[in-house]
Amino acid sequence: MSTIARPDRPTVADLPWGLLSEHLGTIGAMLGGAARSLLPGQRPGVTGAVITQTVRPPSQALLAAYRAWSGARDDGSLPPHLVCAKLTLPLVSQLTAQAPYPLLSVLNQGLRLRLNAPLPAGEPLTLAGRLRDASDDGFRARIHSEVTVGTASAPAAVIVDAMAAVMLRPRPDDSARAPAPVTPDFETVAQWQAAADEGQTFFWLTGDFNPIHTLPAFARHTRFRGCIMHGYGAFAQLYEGLVQSGAQIADIEVRFVRPLPLPSPPLLIQRARTPDAEGCHAIRLCSARDGTLFQVGRYRPA
């Protein structure tokens, strides 16, 4: 199968300053969530209560810029990966702040998208979210938020399960490792390479300003020794690589198994040639140099 490259993606230098005005709510929600997570006695914990919000749709200018960056086609609907990367981000930050862990230490660990119907572009969106789980084993905390997104003409069109983690303390080495799983026969359907400023570009498009992705001076003093790509940003490229290769996706689940350094090595977007027993195709994002895995998962065809 032919490999799809997108060398003409816009960079942060190509994007207008006006796009930032669309992210003020996102930035405010992230800052507010971070502040609440640092204050004792301000977190209700996992209540299961549903929080609903109505949000404006992205402008045509933002949609055009995001489609150009991600490769999503203009079919009159919102790209599903934009839904989780921007539209649900403020609500997920609010939900995550209920957990008894510092929000500034949270890293996205994966997501699941259940695509029931296309989300029409231009319609106000209704979001209903709840914190499904926030628990830990003493070493790592796991946080699971679920958000249902719809419009008046397409209710409950997309369901987003956002998975995050907080490292509490180092886990001791375990010599009894699980056996290596059987690896499917993968084919490369697309390729991608993230530039050094890719995190800043993705912030400009979504409002996710986490300094581990956007500020090299800060990131150099973290355990990553430099900026890493937004997990949702890498997922957007993975998703579009699959779609442009002909995949029709009804349900997709991906784990972020390793941080993607910026700039990244050349990357391969791969899919199993044959489905598994449940009819799902395994997928992965890996280094073209040495096969290092950054994202793995599977999708169920529509």
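The values are calculated or read from the model by the stated rules, or taken from the named source; none is laboratory data. As the structure is a prediction and not an experimental result, all values here were calculated from the model. Glycine gets a Cβ as well: all are built from the backbone with ideal geometry, and neighbour counts include every protein chain shown. All accessible areas refer to the heavy atoms of the entire protein, side chains included, with ligands and DNA or RNA removed. Shrake-Rupley method; radii C 1.70, N 1.55, O 1.52, S 1.80 Å.
Among the residues of segment 88-101, what is the count of those that are open to solvent by 50 Å² or more (accessible area, probe 1.4 Å) and under 17 Å from residue 27 (Cα atoms)?
1
Might you let me know whether segment 137-152 holds any residue that is within 23 Å of residue 28 (Cα to Cα), in contact with a Pro (Cβ under 9 Å, 6 or more places away or on another chain), at pLDDT below 95 and open to solvent by less than 30 Å² (accessible area, probe 1.4 Å)?
Checked segment 137-152: no residue is within 23 Å of residue 28 (Cα to Cα), in contact with a Pro (Cβ under 9 Å, 6 or more places away or on another chain), at pLDDT below 95 and open to solvent by less than 30 Å² (accessible area, probe 1.4 Å).
Here is a yes/no grid of residues against (1) assigned to a helix (DSSP H, G or I); (2) at pLDDT 95 or above; (3) within 16 Å of residue 108 (Cα to Cα):
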{"residue": "172", "(1), (2), (3)": "no, no, no"}
{"residue": "176", "(1), (2), (3)": "no, no, no"}
{"residue": "189", "(1), (2), (3)": "no, yes, no"}
{"residue": "212", "(1), (2), (3)": "yes, no, yes"}
{"residue": "221", "(1), (2), (3)": "no, no, no"}
{"residue": "239", "(1), (2), (3)": "yes, yes, no"}
{"residue": "242", "(1), (2), (3)": "yes, yes, no"}
{"residue": "250", "(1), (2), (3)": "no, yes, no"}
{"residue": "255", "(1), (2), (3)": "no, yes, yes"}
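Only one of these conditions is not met by residue 85: (1) surrounded by 14 or more Cβ atoms within 10 Å (Cβ to Cβ); (2) at pLDDT 95 or above; (3) within 24 Å of residue 156 (Cα to Cα). Which number is it?
(2)
Can you pull out the residues in segment 188-211 that are under 17 Å from residue 89 (Cβ atoms) and open to solvent by 10 Å² or more (accessible area, probe 1.4 Å)?
Filtering segment 188-211 for residues under 17 Å from residue 89 (Cβ atoms) gives 199-211.
Hits for segment 188-211 are 200, 203, 204, 208, 209, 210, 211.
Checking residue 111 against (1) open to solvent by less than 30 Å² (accessible area, probe 1.4 Å); (2) more than 23 Å from residue 70 (Cβ to Cβ); (3) at pLDDT 95 or above: exactly one of these is not met. Which one?
(2)
In the list 199, 226, 207, which residue meets the criterion of being at pLDDT 90 or above and out of contact with any Ser or Thr (no Cβ under 8 Å at 6 or more places or on another chain)? Quick ask: steps written out before the conclusion?
Details: 199 fails: out of contact with any Ser or Thr (no Cβ under 8 Å at 6 or more places or on another chain); 207 fails: out of contact with any Ser or Thr (no Cβ under 8 Å at 6 or more places or on another chain).
Among 199, 226, 207, only 226 is at pLDDT 90 or above and out of contact with any Ser or Thr (no Cβ under 8 Å at 6 or more places or on another chain).
Would you confirm whether or not segment 9-22 contains a residue that is in a loop (DSSP other than H, G, I, E, B), modelled with pLDDT of 90 or more, under 19 Å from the mean Cα position of the chain (by Cα) and surrounded by 19 or more Cβ atoms within 10 Å (Cβ to Cβ)?
no
Filter segment 230-259 down to residues that are polar (S, T, N, Q) and open to solvent by less than 30 Å² (accessible area, probe 1.4 Å) and give me whichever is nearest to the chain's Cα centre (by Cα). Quick ask: steps written out before the conclusion?
The first filter runs over segment 230-259 and keeps only residues polar (S, T, N, Q), leaving 237, 244-245, 248.
In the following step, the residues that additionally are open to solvent by less than 30 Å² (accessible area, probe 1.4 Å) were identified as 237, 245.
Working: 237: 10, 245: 21 Å.
Checked segment 230-259; the qualifying residue nearest to the chain's Cα centre (by Cα) is 237.
Which one of these is at pLDDT 95 or above, buried (at least 24 other Cβ atoms within 10 Å of the Cβ) and either closer than 17 Å to residue 11 by Cβ or in contact with a Phe, Trp or Tyr (Cβ under 6 Å, 6 or more places away or on another chain) (or both): 267, 262?
Working: 262 fails: buried (at least 24 other Cβ atoms within 10 Å of the Cβ).
Result: 267 is the single residue among 267, 262 that is at pLDDT 95 or above, buried (at least 24 other Cβ atoms within 10 Å of the Cβ) and either closer than 17 Å to residue 11 by Cβ or in contact with a Phe, Trp or Tyr (Cβ under 6 Å, 6 or more places away or on another chain) (or both).
Tell me which of these residue 69 doesn't satisfy, since it passes every other one: (1) farther than 20 Å from residue 53 by Cβ; (2) open to solvent by 10 Å² or more (accessible area, probe 1.4 Å); (3) at pLDDT 95 or above.
That leaves (2) as the condition not met.
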